[in-house]
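Colleague: Dropping the structure in here first, questions after.
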């Protein structure tokens, strides 16, 4: 993330209650809040999906590529350093 945005990024663990609050104040409905929290707790607690990950069920996009595509242009523009 730091390489893509040109800014330092740190990881912070957010508790379930705080996550719910953040999602609600961002405008999510209660149902959507619970869906997002459920996915994050599932990942944290070792959820094993019914369907295994395969090349047919999983996209090949890596996180770094998504960060460059989605985060770099806005971050570069906001910092005033011009186009990426």
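The values are calculated or read from the model by the stated rules, or taken from the named source; none is laboratory data. These numbers come from a predicted model, not from an experiment. FYI the Cβ positions are ideal-geometry reconstructions off the backbone, even for glycines, and counts take in every protein chain you see.
Colleague: Could you list, in sequence order, all residues of the range 21-39 that are surrounded by 11 or more Cβ atoms within 10 Å (Cβ to Cβ) and more than 23 Å from residue 69 (Cα to Cα)?
Modeller: 21, 22, 23, 24, 28, 32, 33, 34, 35, 37, 38, 39
Colleague: Now a separate question. Sort through 84, 78 and tell me the only one that's modelled with pLDDT under 85, in a loop (DSSP other than H, G, I, E, B) and surrounded by fewer than 13 Cβ atoms within 10 Å (Cβ to Cβ).
Modeller: Just a single option satisfies the conditions, and that option is 84.
Colleague: Taking the options 3, 18, name whichever one is exposed (fewer than 13 other Cβ atoms within 10 Å of the Cβ) and touching a residue at least 12 places away in the same chain (Cβ under 8 Å).
Modeller: It is 3.
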